[in-house]
Each structure stands twice: as structure tokens, then as C-alpha cells.
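Asker: First, the structure itself, so that you have it in front of you.
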Amino acid sequence: MLGKAAAFAIVLAMALPAQVQATGDPVSYQAATSAGWGVESTVPTPEGSDSGASVLSPEQQALMAESADWTARVNLYHAGGGGATGNDSLGCRPIAMRTIATDPRYIPRRTRLFIPETVGMRMPDGVIHDGYWYASDTGGAIKGQKIDLYTGHGRGSMSPAMRFNQRRLTLVDAGRFDGCPPSWDSLPSQAAQMAALPSSAGSR
């Protein structure tokens with residue numbers, strides 16, 4: 001049976017044949033690690049993207065390229081356990097991962113917001129977030145450059161967005177909205193949206 005050192009040298013030689021052939025001698029572990037051989041590189045995932053499969057519409061691509069209209073520090077809130085109760089300040093039912101509470105002196109109510117960092121966020125039901133949020137709520141503790149993102153019912157609903165909690169995010173003005181924030185069920189399915197987009201959409 002081969003000793004551990006000999007076995008390791010054979011494995012290393014098989015993994016790094018070019019280096020062995022170039023020098024004619026086995027490569028030591030220390031030499032291999034100091035040269036960085038065998039180190040795997042990974043491609044960084046864009047901020048906010050959980051899937052890498054998001055297809056951006058032309059509007060989303062344009063908004064991604066826009067400079068921020070506001071920046072704000074994020075706090076997450078949810079229904080139940082002393083969180084959100086009842087309707088928002090517009091009298092609408094809060095919509096999970098859509099409703100934002102803002103200081104209306106800083107970000108007016110009924111502003112449709114695009115938050116680039118949230119594009120690609122995978123939600124518990126598998127839906128991929130498109131980056132759109134709706135300023136339809138307010139709060140006594142929300143002053144100036146602060147926003148509260150409504151995540152749904154129960155503390156567990158905050159999990160997909162937890163990495164944004166207490167961070168400063170960028171917000172782009174995507175226009176105004178009438179009525180209440182749209183529910184996820186009222187939107188076209190992602191498959192339909194992707195089928196309607198040109199094949200080059202999302203390549204930036």
C-alpha cells in the first residue's frame with residue numbers, strides 16, 4: 001500500500017500534469033498552494049439576485065441604468081406579533097413584498113418605486129421579485145431617509161429580504177400609481193412576461 005505522501009504526490013501529478021512535466025519533479029503541496037494551483041474561482045452574484053435567471057423588461061433595464069432619486073435605510077415589518085395591523089395609510093390591504101411605508105415629506109405617497117437591489121430576490125413561493133414597490137403606507141417612526149418594507153405575515157416572511165434589513169438601498173422613481181398596490185396574483189405570470197419579451201432582453 002502506498003504511503004500517504006506518495007499517494008498525494010500521484011494525485012497531485014494527475015491533477016497538475018503540466019507543472020510536473022515542465023519541472024520533471026513532483027510538485028510539493030506548499031509549492032502548489034503558494035502558486036494558487038487548484039484554487040477554484042467563482043463568479044460573484046449580482047446584489048439582490050438569487051437566481052441569475054431574471055429577464056429584465058425594457059423598462060426595468062432603463063430603471064437599472066438610472067441614478068437613484070432617493071436613498072433610504074431599510075427596516076422590515078410584517079403582520080402579526082405586534083407588526084402591521086389592518087390597512088395601510090391609503091386604506092389598502094398591505095401587499096407582501098410590494099408595500100413600502102415612507103415619510104411622505106421625503107418620498108410622496110403613491111410613488112411607484114424601483115429598488116434595483118431587490119431585483120431577482122426569490123420569494124418563498126418561488127416568484128422572482130421584479131424590483132417594484134409601492135409607497136402606500138406611513139408610520140410615526142419613519143422620518144426622512146428611512147423606509148419600511150412590508151414582507152407579509154409572521155416573522156418568517158422576512159427571511160428573503162433579511163439581507164436588506166438596516167441597509168441603505170437606492171430607490172428610483174418609476175412614476176405614480178392609482179388605487180392600491182397590485183397583488184402578485186393580478187400580474188401576468190413570469191412565463192408570459194418572458195415569452196412577450198424580445199430574446200435580447202436582459203442582456204446588458
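Asker: Report, by chain and number, residues whose modeled amide H sits under 5 Å from the one on residue 170, excluding near sequence neighbours (fewer than 5 apart, same chain).
Answerer: For residue 170, whose amide H was placed from the backbone, the distant partners under 5 Å are 117.
Asker: Might you report the magnitude of the Cβ-based charge dipole of the stretch 99-139 about its Cα centre, with Lys and Arg at +1 and Asp and Glu at -1, to the nearest 20 debye? Provide the component values of the computation, followed by the final result.
Answerer: Values: 5 positive and 5 negative charges, 40 e Å.
Dipole size: approximately 200 debye.
Asker: May I pose another question? Can you pull the accessible area of residue 59 for me, 1.4 Å probe, Å² to the nearest 10?
Answerer: 90 Å²
Asker: Here's another thing I want to ask about it. Of 98, 122, 167, 112, which has the most accessible area and how do the rest follow, probe 1.4 Å? Each step should come with its number before you reach the end.
Answerer: Numbers: 98 0, 122 110, 167 80, 112 50 Å².
The ordering from most to least exposed comes out as 122, 167, 112, 98.
Asker: Largest first and in whole Å, what are the equivalent-ellipsoid semi-axes of the stretch 92-165 based on the Cα gyration tensor, each being the root of 5 times an eigenvalue? Provide the component values of the computation, followed by the final result.
Answerer: Details: eigenvalues 84, 34, 25 Å².
They are 20, 13, 11 Å, listed from largest to smallest.
Asker: Put 102, 71 in order of accessible area, largest first, 1.4 Å probe: what do you get? Present the calculation step by step, with values, prior to reporting the outcome.
Answerer: Details: 102 0, 71 50 Å².
Ranked from most to least accessible, the order is 71, 102.
Asker: How would 129, 153, 78 line up by accessible area, probe 1.4 Å, largest first?
Answerer: Values: 129 5, 153 145, 78 25 Å².
Heavy-atom accessible area, descending, gives 153, 78, 129.
The values are calculated or read from the model by the stated rules, or taken from the named source; none is laboratory data. Fair warning: this is a prediction, and the values are worked out from it, not measured in the lab. Note that we place each Cβ from the backbone using ideal geometry, even for glycine, and neighbour counts take in every protein chain shown. Just so you know, the surface numbers come from the protein's heavy atoms only, side chains and all, with ligands and any DNA or RNA stripped out. Shrake-Rupley method; radii C 1.70, N 1.55, O 1.52, S 1.80 Å.
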